Amino acid sequence: MKPRLVLACLTTSAVVARARVEFDAFIHPGPGDMTVAELIRAAASRQAQAILFTNTLSLDAAAIAALPTSVRVGATISVGFDHIDVEAACGRRIAMTNTPGVLDECTADHAMMLLLAAARRGAEYDRVMRQGWRYRIGQGELLGVRVTGKRIGILGMGRIGRAMARRARGFDMQVLYHGRRRLPPEHELGAAYYADFHQMLPHCDFLSIHAPGGAGTDKMIDGRALSLLPDGAVLVNVARGSLIDEDALFAALTSGKLFAAGLDVFRREPDYDLRFADLDNVVLSPHIASASRETRDAMGFRALDNIAAVLADRPAIDPLWKD
Ligand code: DGY
């Protein structure tokens, strides 16, 4: 008998196909991902041993308490896990796993795309063309800011932050970073470490956010942090919207303190703060930084590998809690 799995989120056809082969799988048909109530109902009625979901589902303590006792493992198809109460899962002895490592390059590609588009006004130029162009653009009009050779501060120098640093070096940028710990030289590769985040900010022409969400980083980018950046800085966020005080960001973008921002993530998703949609100096994407075909397959496969390991009584590959 194949183990019983509830696939609570919409994912790629390759991941669905593999889930069907290896598991007795209930595949949520959509539209949209399952709600917590739907997941609990589906897991209970099928006595599922495994649940597969992504960050659209908030598994807080109450949701975890409501899961049937049959559930032994929950796998999120995401590297971030601020949507899961890991302590509650540990208390219920439900293994929880994420998908680190497989999405670093595509997420950093997307961050660099946002950085370049924000600095060089990519979305605005595209709009000019779609509106027909047909007028002279003066040498002094619609100017962006230079990227090459500038200083970039990276908040959170984990795998994705380091992938962003590699891309920035390709643009001859000077890399500064802040994280909880200084990296060993083989990972630092000459980047300047700032133990104090606020001390780094006045040196950042660009600030790219790659730190995890959650209570420890909530509103780390607040009015004070933004005021410490050089005038005309550019901010990029592909991590979590919770890191930013969005009122302060909106004020910095409309006052001219920031030249521009590239935002993939928001405090509320999908119903994000529509004030940002009215700003020409913001480039927006819908929490989709890892979304290449290859990476989304790899993330789903990694989640299935984690589930298979736990249900075969092997250690999870990417456990969120350990004894
Ligand atoms: C991640 O992997 O954490 C992405 O943000 C998608 O949720």
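The values are calculated or read from the model by the stated rules, or taken from the named source; none is laboratory data. What you are looking at is a predicted structure, and each value in this text was computed from that prediction instead of being measured. Every residue, glycine among them, receives a Cβ derived from its backbone with ideal geometry; neighbour counts consider all protein chains shown. Only protein heavy atoms, including side chains, enter the accessible area calculation; ligands, DNA and RNA are left aside. Shrake-Rupley method; radii C 1.70, N 1.55, O 1.52, S 1.80 Å.
Here residue 150 is the anchor, and the lysines within straight C-alpha reach of less than 27 Å, apart from those fewer than 8 places off in the same chain, are 219, 257.
Gyration tensor over the Cα atoms of the stretch 26-117: the corresponding equivalent ellipsoid has semi-axes (square roots of 5 times the eigenvalues, largest first) of 28, 15, 11 Å. Net length available on complete extension from residue 47 to residue 24 is 7.2 nm, with 0.36 nm assigned per residue and the Cα-Cα distance removed. Counting 0.36 nm for each residue step from residue 60 to residue 126 and taking away their Cα separation leaves a gain of 19.6 nm. The solvent-accessible area of residue 120, taken with every protein chain present and a 1.4 Å probe, is close to 120 Å². Taking 0.36 nm per residue of separation and subtracting the current Cα-Cα distance, fully stretching the chain between residue 189 and residue 146 would add 13.1 nm.
Put a plus charge on the Cβ of each Lys and Arg, a minus charge on the Cβ of each Asp and Glu, and nothing anywhere else: the dipole of the chain about its Cα centre is then about 520 debye.
Per residue, the convex hull around the alpha carbon atoms of the stretch 165-323 comes to 161 Å³. Just from its helices, what would the mean residue ellipticity at 222 nm be for the chain, if runs of 4 or more DSSP H residues each count -39500 (n - 2.57) and the sum is divided by every residue, rounded to the nearest 500 deg cm²/dmol? So the helix-based figure for the chain works out to -10000 deg cm²/dmol. Our summary gives the stretch 202-323 a relative contact order of 19 percent, counting only alpha carbon pairs under 8 angstrom and 6 or more residues apart.
Solvent-accessible area of the chain (1.4 angstrom probe, protein heavy atoms only): carbon and sulfur portion equals 53 percent.
Stokes-Einstein diffusion for the chain, with the hydrodynamic radius set to the Kirkwood value over Cα pairs and evaluated at 10 °C in a medium of 1.306 mPa s, equals 76 µm²/s. Extending 7 Å from the Cα toward the beta-carbon at both residue 231 and residue 69 defines two label points whose distance is 6.7 nm.
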